[in-house]
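Structure record follows, encoded as structure tokens.
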Amino acid sequence: MTLQTVARPKPARLASRDKKADRTLSLTEQVYARLRGEILSCQLAPGQEISESELAERFQVSKTPVREALATLRQEGLVKTFPRRGYQVTPITFGDMNELFDLRTILEAGAAELACEQITDEEIAHLRSLGEIVYDKSSNDMITAFITANREFHLAIAAASRNARLYALLERQLYELDRFFYLGAQLRDVNGETNIEHGEIIGALEKRDRMRARELMIRHNDVTRQGLFQALAMSRKFGSIGL
């Protein structure tokens, strides 16, 4: 698929380049977005080796935007580089998943408590709309929309905490968990489980019940972690994940 130049705001990390590089920057952004999406959705499997030349040919661009996009992805921890071998999509492990969920639970339990003091009626209404999203596990597009809405749901609660540092930390953890969520959503239908638990969390936030919101968020994360582990461990996709 040929990538076309598009006019849209440049990420901050790219904004300092001069005007002569405008077309390259635009292509770099597009390659970066495509590669990041393919890595997070596991279209590029954990541990898969990739090369600049293969990607340049697939996207029908020169190696320069591919190299720049891969450099950004390496900084984000999504790819690794190996001298004379090229690049590898960073492998994922069950150990990674457990560490991420441990940290996520700590952050979200606190965010839910803080949000009870600050959240507005408009923000609660927004949470309800996000909580209504469902998906068909046979549709990659619907899975992507569901995972995006789920991420936005949890980040909206963090935003309601009015703590910018907490929000930034949680945002990174959720993006790092995306690959696990994509794999898990392809293996089991979590529509009912997620919508019910999200509804309970919204109810606690609406009542400004700090302890209940905290307890529900911890339980929600535990249920999600256990469901993911069981689904992945019993699947052929287990080979994509280390211990």
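Looking across the stretch 119-150, just one residue is touching a helix residue (DSSP H, G or I) at 6+ places or on another chain (Cβ under 8 Å), modelled with pLDDT of 95 or more and farther than 16 Å from His198 by Cα, and that is Thr120.
Among the numbered conditions (1) buried (at least 17 other Cβ atoms within 10 Å of the Cβ); (2) closer than 20 Å to Glu152 by Cβ; (3) assigned by TED's automatic domain parsing to the domain that holds Lys207, the only one that Arg36 does not meet is (3).
One line per residue, one yes/no per condition, for (1) farther than 27 Å from Arg36 by Cα; (2) in contact with a His (Cβ under 7 Å, 6 or more places away or on another chain); (3) surrounded by fewer than 20 Cβ atoms within 10 Å (Cβ to Cβ); (4) not assigned by TED's automatic domain parsing to the domain that holds Lys137:
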{"site": "Arg179", "(1), (2), (3), (4)": "no, no, no, no"}
{"site": "Leu183", "(1), (2), (3), (4)": "no, no, no, no"}
{"site": "Gln186", "(1), (2), (3), (4)": "no, no, yes, no"}
{"site": "Gly192", "(1), (2), (3), (4)": "yes, no, yes, no"}
{"site": "Asp209", "(1), (2), (3), (4)": "yes, no, yes, no"}
{"site": "Gly227", "(1), (2), (3), (4)": "no, no, yes, no"}
{"site": "Ala233", "(1), (2), (3), (4)": "no, no, yes, no"}
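If the requirement is being more than 15 Å from Ile106 (Cβ to Cβ) and modelled with pLDDT under 95, which of these qualifies: Gly203, Gly184, Gly199?
None of the other options fit; the residue is Gly184.
Just one of the listed residues (Ala69, Ala112, Ala125) is surrounded by 19 or more Cβ atoms within 10 Å (Cβ to Cβ), out of contact with any Lys or Arg (no Cβ under 6 Å at 6 or more places or on another chain) and among the hydrophobic types (A, V, I, L, M, F, W, C), namely Ala69. For Met97, the stated conditions do not hold, so it cannot be described as assigned by TED's automatic domain parsing to the domain that holds Ile196, touching a Phe, Trp or Tyr at 6+ places or on another chain (Cβ under 6 Å) and surrounded by fewer than 18 Cβ atoms within 10 Å (Cβ to Cβ). Restricting Ile241, Ile196, Ile202 to those that are touching a helix residue (DSSP H, G or I) at 6+ places or on another chain (Cβ under 7 Å) and within 23 Å of Ala115 (Cβ to Cβ) reduces the list to Ile202. When the helices (runs of 4 or more DSSP H) confined to the stretch 26-128 are screened for residues that are farther than 30 Å from Asn163 by Cβ, those reaching at least 2 such residues are found at 52-59, 63-75. Residue pairs whose Cβ atoms lie under 9 Å apart, separated by 6 or more positions or on different chains, with the first residue in the stretch 98-110 and farther than 10 Å from Glu176 by Cβ and the second buried (at least 17 other Cβ atoms within 10 Å of the Cβ) and hydroxyl-bearing (Ser, Thr, Tyr), are Phe101/Thr224; Gly110/Ser161. Checking each residue in the stretch 180-236 for being within 18 Å of Ala156 (Cα to Cα), charged (D, E, K, R) and either under 22 Å from the mean Cα position of the chain (by Cα) or not in a helix (DSSP H, G or I) (or both) picks out Glu197, Lys207, Arg208, Asp209.
Among the residues of the stretch 138-161, those that are of a type in the set (Gly, Ala, Ser), surrounded by fewer than 20 Cβ atoms within 10 Å (Cβ to Cβ) and in a helix (DSSP H, G or I) comprise Ala145, Ala149, Ala156. Taking residues in the stretch 39-58 that are farther than 19 Å from Gly184 by Cα, and partners anywhere that are of a type in the set (Val, Ile, Thr) and assigned to a helix (DSSP H, G or I), the pairs with Cβ atoms closer than 6 Å and at least 6 places apart or on different chains are Glu52/Val66; Leu55/Val66; Ala56/Val66.
The values are calculated or read from the model by the stated rules, or taken from the named source; none is laboratory data. These figures come from a predicted structure and were not determined experimentally. Note that we place each Cβ from the backbone using ideal geometry, even for glycine, and neighbour counts take in every protein chain shown.
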